[in-house]
1. Just to be sure I understand, how many residues within the stretch 80-131 are more than 15 Å from SER148 (Cα to Cα) and in a strand (DSSP E or B)?
2. If you scan the stretch 32-45, which residues turn out to be open to solvent by less than 10 Å² (accessible area, probe 1.4 Å) and more than 14 Å from THR208 (Cβ to Cβ)?
3. Of everything in the stretch 65-89, what is touching a residue at least 24 places away in the same chain (Cβ under 8 Å) and in contact with a Leu (Cβ under 8 Å, 6 or more places away or on another chain)? Give them in sequence order.
4. Select from the stretch 65-74 the residues that are surrounded by 14 or more Cβ atoms within 10 Å (Cβ to Cβ) and under 18 Å from the mean Cα position of the chain (by Cα) and write down the one among them that is nearest to ALA155 (Cα to Cα).
5. Name the residues in the stretch 1-22 that are in contact (Cβ under 8 Å) with a residue 12 or more places away in the chain and either open to solvent by 40 Å² or more (accessible area, probe 1.4 Å) or of a type outside the set (A, V, I, L, M, F, W, C) (or both), would you?
6. In the stretch 176-230, what residues are touching a residue at least 40 places away in the same chain (Cβ under 8 Å), among the β-branched types (Val, Ile, Thr) and either open to solvent by less than 40 Å² (accessible area, probe 1.4 Å) or in contact with a strand residue (DSSP E or B) (Cβ under 9 Å, 6 or more places away or on another chain) (or both)?
7. Could you tell me whether the stretch 46-54 includes any residue that is surrounded by fewer than 18 Cβ atoms within 10 Å (Cβ to Cβ), more than 14 Å from the chain's Cα centre (by Cα) and either at pLDDT below 95 or outside any helix (DSSP H, G or I) (or both)?
Amino acid sequence: MSYVLVADSMAKSFGRKHVLKAASLWARPGAITLLVGRNGCGKSVLLRCMLGLHWPDNGTVTFRGRSYLMPSLPCLARRGLFYLPDRNLLSNRFTLNTHVHTFRQRYQAQDPDGVLDRLGLLPGLRRRSRSLSVGERRRAELGLAILSQPVCLLADEPFRELSPKDSEVVGRALRDLAAAGCGVVVTGHEVSTLFDVAEHVIWMTAGTTREIGTPEQARAHPEFRCEYLERPRP
């Protein structure tokens, strides 16, 4: 099994708080991997350590065959990785059309109108980002990610606070990205929605990660079901 991205044995502490002890994560070309865990377990911290937004205390990141002890988001982005944070990708100062034009020039994107149409964004091109709803914003952010033509996408909580309709559009776009060969990693707590789009499930608990298997295997995993699926998540 080939991997486009591997984070191996990542560790990160903030003062005396050990958030990550030996956490690993990987992305397979053409597949969607789901990273789940209780609130505060360190999912976002792991993503940020992989990208150099936090300095990891230990561990390595390998992207497209090259290993990094101190990864850097600009460096990884130039090689085809796109990070979709849980909020604030768009600038409130600019219209959606300005964002699209910038991405089209930067990445020489083809058929941006086709991408925007599939995401239901064409009617709102002249609106400033601050006027978009939560769902419109998330669809716009994902549209920009698609225009960048990534080989790997890390999406932190892409379904948070979305309506069922918006979730359907976002899920379809993520599946289309994977079908085109992109390795996709998503996080979140919307189990039903996430299990519908993901092929692999990784469980983060106690500062480490465990591969649980397919969503079907995850639902049948006794410990995962008891500790995560059936236990209330704060």
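The values are calculated or read from the model by the stated rules, or taken from the named source; none is laboratory data. This is a predicted model, so every value here is computed, not measured. With ideal geometry, Cβ positions are generated from the backbone for all residues, glycine too; neighbour counts draw on all protein chains shown. Calculation scope for accessible area: heavy atoms of the full protein, side chains included, ligands and nucleic acids excluded. Shrake-Rupley method; radii C 1.70, N 1.55, O 1.52, S 1.80 Å.
1. So the answer is 2.
2. ILE32, THR33, LEU34
3. LEU76, LEU81, PHE82, TYR83, LEU84, LEU89
4. Filtering the stretch 65-74 down to residues surrounded by 14 or more Cβ atoms within 10 Å (Cβ to Cβ) leaves 68, 71, 73.
From what is left, the residues that are under 18 Å from the mean Cα position of the chain (by Cα) are 71, 73.
Working: PRO71: 18, LEU73: 14 Å.
If we take residues in the stretch 65-74 being surrounded by 14 or more Cβ atoms within 10 Å (Cβ to Cβ) and under 18 Å from the mean Cα position of the chain (by Cα), then LEU73 is nearest to ALA155 (Cα to Cα).
5. First, the residues of the stretch 1-22 that are in contact (Cβ under 8 Å) with a residue 12 or more places away in the chain: 1-13, 18-22.
Across the stretch 1-22, the qualifying residues are MET1, SER2, TYR3, VAL6, ASP8, SER9, LYS12, SER13, HIS18, LYS21, ALA22.
6. Those that are touching a residue at least 40 places away in the same chain (Cβ under 8 Å), among the β-branched types (Val, Ile, Thr) and either open to solvent by less than 40 Å² (accessible area, probe 1.4 Å) or in contact with a strand residue (DSSP E or B) (Cβ under 9 Å, 6 or more places away or on another chain) (or both): VAL184, VAL185, VAL186, THR187, VAL191, VAL197, VAL201, ILE202, THR208, THR209.
7. Looking only at the stretch 46-54, we keep the residues that are surrounded by fewer than 18 Cβ atoms within 10 Å (Cβ to Cβ), and these are 52-53.
Restricting the remaining residues to those that are more than 14 Å from the chain's Cα centre (by Cα) gives 52-53.
Filter again for either at pLDDT below 95 or outside any helix (DSSP H, G or I) (or both), leaving 52-53.
Checking the stretch 46-54: at least one residue is surrounded by fewer than 18 Cβ atoms within 10 Å (Cβ to Cβ), more than 14 Å from the chain's Cα centre (by Cα) and either at pLDDT below 95 or outside any helix (DSSP H, G or I) (or both).
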